[in-house]
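The values are calculated or read from the model by the stated rules, or taken from the named source; none is laboratory data. These numbers come from a predicted model, not from an experiment. Cβ coordinates were reconstructed from backbone atoms using ideal geometry, including for glycine residues, and neighbour counts include every protein chain displayed. Note: areas computed on protein heavy atoms with side chains; ligands, DNA, RNA excluded. Shrake-Rupley method; radii C 1.70, N 1.55, O 1.52, S 1.80 Å.
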Amino acid sequence: MSAQILAGEEGISASVEILRRGGVVGLPTETVYGLAADAFQSLAVAGIFEAKGRPLTDPLIVHLPEAVWLDRVALFTSSEQRQLVETLASAFWPGPLTLLLPKHPDLPDLVTAGSDRVAVRVTSHPLFREVLRRLDSPLAAPSANRFGRISPTSAADVRIELGDMIPLILDGGPCEHGMESTLIAVEVNGGGSLSLSILRPGPITKDQLIQYGHVVLPDRIVNSPGSLPGHYAPEKRLQIINADIEEFIHNSKNECGYLAFTPPPQEIIKRCAVVEILSPAGNLKEAAANFYGALRRLDISKADMIYAESLPEQGIGTAIMDRLRRASHGSIHGTGHRAGETSVK
Ligand code: TXA
Ligand code: MG
């Protein structure tokens, strides 16, 4: 694990230097840590795929410091289209919303895996934005984990995931949201309104989007590449329990790890090898911020199986359950459903 972790001015200038030379660095965002490279240097972008072990068919999100950079990576066919997207952008940027837009032909095809659409976002993290401004080039950055694994929400997590593959991680503290950005495909309809298809639920919820266009929910739309069951997964088996957890754990032959939303009864705590509580007060935002870290701790604990409590599917709870279903590879006790059938495709 040779990656250096640097903070502040020292970290910013070292990051910019490495990125300028075509290197790859770990950078903080308000959602999860990203693995960044200059989006206009194809070789650098190839370094992201290599470090993550990510298939070249899975496109990357492009990060900008301001919406005014949109024309560098997206191509608008009319001023009306541009204006509608700008309205949306000014409502949510900087922030955890990623927009899928028509791609600018100059942006290397490797970034979008050959697709004619590009996913773009403006993070609110001041360190990431400062790196972008100084580099003066958009950055391609997926989450800084090995492909399919648990997303990192701290610099230390990035080092665990990719410490042998990258030279530097810029430490921006723990991530505020702890859950990847909401990803939406944006289409302009004939009548000049927007159609917003949620491809990945995240911190910006359906209810927040509704006033900006017609919102198409995830279970009615096709797969986004990379949004597969089996993503965001721990090494250990994880099962979501919708039934009576007490009875279930009582009958289990495993050393149980339990991922609880709120504090469980003493009986459960006594029977489990490890218990992680996402939010003592039952707050979904707090649960999201703690989610990946708790999953990571359970994964390295002495438990040989992880059971997870279902959370309410309201607000960011929808995104947490989406990630839990993928992490469980469809193993849900109490409903009989498989992940691919019940959640976001
Ligand atoms: O919060 C986030 O979005 C974080 C931070 C680092 O910005 N990034 C992130 O990137 O989660 P990643 O690569 O782990 O997930 C991006 C998702 C993938 O499922 C990818 O397939 C999809 O967005 N995606 C990216 N570009 C796309 C495109 N052109 N068309 C369709 N899907 C795309
Ligand atoms: Mg990811």
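If we scan segment 66-74, do we find a residue that is open to solvent by 30 Å² or more (accessible area, probe 1.4 Å) and free of Cβ contacts under 8 Å to residues at least 24 places away in the same chain?
yes
Any chance you could count how many residues in segment 139-184 are β-branched (Val, Ile, Thr) and surrounded by fewer than 22 Cβ atoms within 10 Å (Cβ to Cβ)? Let's see the steps before the verdict.
Of all residues in segment 139-184, those β-branched (Val, Ile, Thr) come to 150, 153, 158, 160, 166, 169, 182, 184.
Filter once more, so that each one left must be surrounded by fewer than 22 Cβ atoms within 10 Å (Cβ to Cβ): 160.
Residues flagged as β-branched (Val, Ile, Thr) and surrounded by fewer than 22 Cβ atoms within 10 Å (Cβ to Cβ) within segment 139-184 amount to 1.
In segment 55-65, what count of residues is obtained for those that are open to solvent by 10 Å² or more (accessible area, probe 1.4 Å) and of a type in the set (A, V, I, L, M)?
2
Find the residue count for segment 90-137, including only residues that are in contact (Cβ under 8 Å) with a residue 40 or more places away in the chain and in contact with a Lys or Arg (Cβ under 6 Å, 6 or more places away or on another chain).
The total comes to 5.
Before we move on, is ASP304 open to solvent by 10 Å² or more (accessible area, probe 1.4 Å) and in contact with a strand residue (DSSP E or B) (Cβ under 9 Å, 6 or more places away or on another chain)?
Working: open to solvent by 10 Å² or more (accessible area, probe 1.4 Å): yes; in contact with a strand residue (DSSP E or B) (Cβ under 9 Å, 6 or more places away or on another chain): yes.
Yes, satisfied.
Yes/no per residue for (1) of a type in the set (Phe, Trp, Tyr); (2) away from ligand 2 (no atom under 16 Å from the Cβ); (3) assigned by TED's automatic domain parsing to the domain that holds ILE61:
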site	(1), (2), (3)
VAL118	no, yes, yes
VAL122	no, yes, yes
PRO126	no, yes, yes
ARG133	no, yes, yes
ASP136	no, yes, yes
PHE147	yes, no, yes
PRO152	no, no, yes
ALA156	no, yes, yes
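Could you check segment 241-276 and list, in sequence order, the residues that are in a helix (DSSP H, G or I) and free of Cβ contacts under 8 Å to residues at least 40 places away in the same chain?
Initial filter on segment 241-276 (in a helix (DSSP H, G or I)): 245-251, 266-271.
Selection gives GLU246, GLU247, HIS250, ASN251, GLN266, GLU267, ILE268, ILE269, LYS270, ARG271.
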